[in-house]
1. Output the helices (runs of 4 or more DSSP H) that fall wholly within the stretch 190-246 and possess 1 or more residues being more than 14 Å from P295 (Cα to Cα), or say none.
2. Among the candidates A299, A293, which residue alone is more than 29 Å from L362 (Cα to Cα), in a helix (DSSP H, G or I) and either modelled with pLDDT of 85 or more or in contact with a His (Cβ under 8 Å, 6 or more places away or on another chain) (or both)?
3. Quick check on G340: is it surrounded by 16 or more Cβ atoms within 10 Å (Cβ to Cβ) and either in contact with a Leu (Cβ under 8 Å, 6 or more places away or on another chain) or under 21 Å from F239 (Cα atoms) (or both)?
4. Within the stretch 250-272, can one find any residue that is among the hydroxyl-bearing types (S, T, Y), more than 16 Å from I414 (Cα to Cα) and surrounded by fewer than 24 Cβ atoms within 10 Å (Cβ to Cβ)?
5. When you go through (1) at pLDDT below 85; (2) in a helix (DSSP H, G or I); (3) surrounded by 14 or more Cβ atoms within 10 Å (Cβ to Cβ) one by one for R133, which number turns out not to apply?
6. Scan (1) within 24 Å of F233 (Cβ to Cβ); (2) buried (at least 19 other Cβ atoms within 10 Å of the Cβ) for the single condition Q169 breaks and write down its number.
7. Kindly indicate which of L144, L156, L161, L138 is at pLDDT below 85 and more than 25 Å from L250 (Cα to Cα).
Amino acid sequence: MITTFLTLTLFAFLCLFLESLGSKIGKRKSGERTYILAIALAGLLISSFPLFGAAQLAHLKLSFVACSISTLLALFLANAQLRQAQIEYGEVYALILVCHALTLYLITSQDLLQFILLSAFANMLLVGLSSFRKDHSLVTEVALKYLIISIFLFCLLSLSLLFFAHSNQVVARSFLWGSLLLFIGCTPFFNIHVKYLEKAPPFASTLLMSVTLIGGGSFIANFATQYLSTNLFHFLLVFASLSLIIPPILALDQQRIAKLVSFLCMVQAGILLLLSLFKLASIQVFFLHLSLAIPGTLAGIRFWKHSQKSGFNWEDYAGAGRKHPLVALAWLYTLSSLIGAPLTLGFWLYLEIAQAAIANQLEWILALIGIAIVLGMFPIARLAVFMFGKPTRHAMMRLHRPQQSFLIIACAGIILGAKIICFWLPQYDAVSVFNLWPFTF
């Protein structure tokens, strides 16, 4: 892990050096960003080899793959958006690499003090990454709100550490679990995460979900395994149930597609908690699904743009499916997988939870899952009707790049392939199949 962190840090500083050098010699920004992106990708690949070769981290190999995929897609999203918005900053690549290094350490963290420090630094980077957008009013709102939540989260985690030191286990664990639920955006603590996903750049939102759900989720799974009691089980089950039901209900009334998708993304916190309680062996497949579904979903929100000023509401997507049918179908499939619709990888995760719940004589979990899927499918079905059934009201501008089309289609295709592996190879453990050497470089 130390080698990986030092390698990523070195390449991050190299990105900053190239940014400064390019500014001094007057190099064209487009060419400069291309070189910096190449350096960032090289750093991501080179730093992965010692990590995946560590025998003591073999059980986390798929988590590292998921984190690396999220960072890789975040780099491509950043490159596309910076070019599209004509924002002349190359430092974003350095911040993404450092954020990736912190997330890798969060995955392996088993010490509370280490988790507090790493989460605090990661939140600082997320505040900075949210500022790479032209709309300064939105940037200020998102950055300030997430900064306040980050400070509050740091205080809660510090209090839990203080009470652990004074042997007050009950109060300490109460503060700790409250902090962890806030960190992953569990209901009812999802409001700031929704604001961030809606208004921050897609690459920053991708890293937010990677840090909180992959990094924080690994810590939650490890902590729940060691200290799970009957009271804690029922406590987490209540919050997991609320996280499956409340966000889709709130999504039904949204007029802005970005906010609707943000609410649907927050269902993942509930799935994470249920997997931690019922099917811990499948949680790494969940991380892999998350690393593909979130970037593909966020990239699709801003793929279509009208010649008039777009508010990204329902009417702005009218006829978009007929304009780019393959991209539209891939985007809708990725959205459906997020909420666990049938024939998706998200549905396979729900089946794993349902089988474990039946074994524990908790059949009502099946009804909960069914309600969550139906509620999530309502806005997606309506969106499909607008995209393919409504006439286009305004001429659409071609502001997207071919890389964005490829990213959306590739994410949907890989999710579909992973679903086929899980459904068509029932005689094998899905985690064992995904941990095969060719899949992990």
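1. Per the criteria, 191-199, 216-227.
2. The match here is A299.
3. yes
4. No, every residue in the stretch 250-272 fails to be among the hydroxyl-bearing types (S, T, Y), more than 16 Å from I414 (Cα to Cα) and surrounded by fewer than 24 Cβ atoms within 10 Å (Cβ to Cβ).
5. (2)
6. Going through (1) within 24 Å of F233 (Cβ to Cβ); (2) buried (at least 19 other Cβ atoms within 10 Å of the Cβ) one by one, Q169 breaks only (2).
7. L161
A quick yes/no check of all residues on (1) among the aliphatic types (A, V, I, L, M); (2) surrounded by fewer than 24 Cβ atoms within 10 Å (Cβ to Cβ); (3) touching a Leu at 6+ places or on another chain (Cβ under 6 Å):
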{"site": "H193", "(1), (2), (3)": "no, no, no"}
{"site": "L207", "(1), (2), (3)": "yes, no, no"}
{"site": "A240", "(1), (2), (3)": "yes, no, yes"}
{"site": "I246", "(1), (2), (3)": "yes, yes, no"}
{"site": "H289", "(1), (2), (3)": "no, no, yes"}
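The values are calculated or read from the model by the stated rules, or taken from the named source; none is laboratory data. Computed from a predicted structure; not experimentally measured. Note that each Cβ is placed from the backbone with ideal geometry, even for glycine, and that neighbours are counted across all protein chains shown.
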